[in-house]
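Novice: Take a look at the following structure, please.
We did not get these values from a lab; they are worked out from the coordinates using the rules stated. Not measured: the values here are computed from a predicted model. As a convention, Cβ positions derive from the backbone with ideal geometry for all residues, glycine included, and neighbour counts pool all protein chains shown.
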Amino acid sequence: MKIFIAAVLGLWMAAPVTGGESGLLRTYQPLDGCGSGEISIERVTCFVWNMDSGLVNVLHHISAENVPPTFSEKTSGDLNLASTSHLSFDSQSGPGMPLKLVMNADEFVAYGGYHREAILKASMECVRRVLSTKLLKTPLTFTASAENKEWMGKIVDEFNRHDRSKVFYGEQ
C-alpha cells in the first residue's frame, strides 16, 4: 500500500512538469478588412496553454477566433475569416513518416461577402508564412465536403506547385 501511495503521489507531483508551459505565440490570420472589401493578412499574437507543440499550435491558431478589444459599446465579433468560414489547419506525423500539412474544410462556408477562393487563398498564405524553410516543400492535403472538393482541389494543387518562398496571396 505504501508503494501504491508513493507512486500516485509521484505521478501527481510530476504532472505539472509534463504539461508544458503556457505563453504567447505569433501566427498569421486572414482578417476581415471591415468594409474595405480586402482581406488583410496580419501577424497576430495568441495565448497558448501548452507551448510544447510548436508548429501544431501555430497552425491551429491560424483559425482561432479574433475578437479585438474595443472601447465601443458594440463588439465587432470574430474578424478571422478562417475561423468564421470554418477552416482549420493541422500537422500530422508519425514514427518514420514525413510531416503532413492538413486543411480541414469539411464545413467551409464563405463568410463576410468575400469570394470563397479569396478566403481559401488568404488562409493558405497564412500557412505559407508560418512554415520554416525546411517545410516549404511539404505538400498540403485537405478534406472538404462534396460541393467544395473540386474547386478547392484546384487551389490546393496550385498552392503545392507554388514557390513558397514567394507570396501566394496578397502583398508582402
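Novice: Pull up the DSSP beta bridges for the range 20-161 and report the antiparallel fraction as a percent, rounded to 5.
Specialist: Working: 16 of 21 bridges.
Expressed as a percentage, antiparallel bridges in the range 20-161 total about 75.
Novice: Can I ask one more? Can you tell me the relative contact order of the range 20-161? Whole percent, Cα pairs under 8 Å, sequence separation 6 or more.
Specialist: Over the range 20-161, the number comes to 22 percent.
Novice: Near the amide H of L131, under 5 Å away, which other amide H atoms are found, from residues 5 or more places off or on another chain, if H is placed in the peptide plane?
Specialist: Answer set, sorted by chain and number: none.
Novice: Go through the range 158-163 residue by residue and turn each phi into a ³J(HN,Hα) via Karplus (6.51, -1.76, 1.60, θ = phi - 60°); whole Hz please, and just put x for glycine and proline.
Specialist: 4, 4, 5, 7, 5, 6
Novice: Right, next: At a 10 angstrom cut-off on C-beta neighbours, averaged per residue, how do the peptides 43-50, 27-34 rank from highest to lowest?
Specialist: Going from most to least packed, we get 27-34, 43-50.
Novice: Sequence-distant or interchain residues sharing an amide H contact under 5 Å with Y28, placed H: which?
Specialist: Result for Y28 returns V44.
Novice: Kirkwood Rh over alpha-carbon pairs of the range 51-158, then Stokes-Einstein at 20 °C and 1.002 mPa s: what D in µm² s⁻¹, rounded to an integer?
Specialist: 143
Novice: Search the structure for amide H atoms under 5 Å from the amide H of F142, placed 1.01 Å from N in the peptide plane, and list their residues when 5 or more places away or on another chain.
Specialist: Long-range HN contacts for F142: M103.
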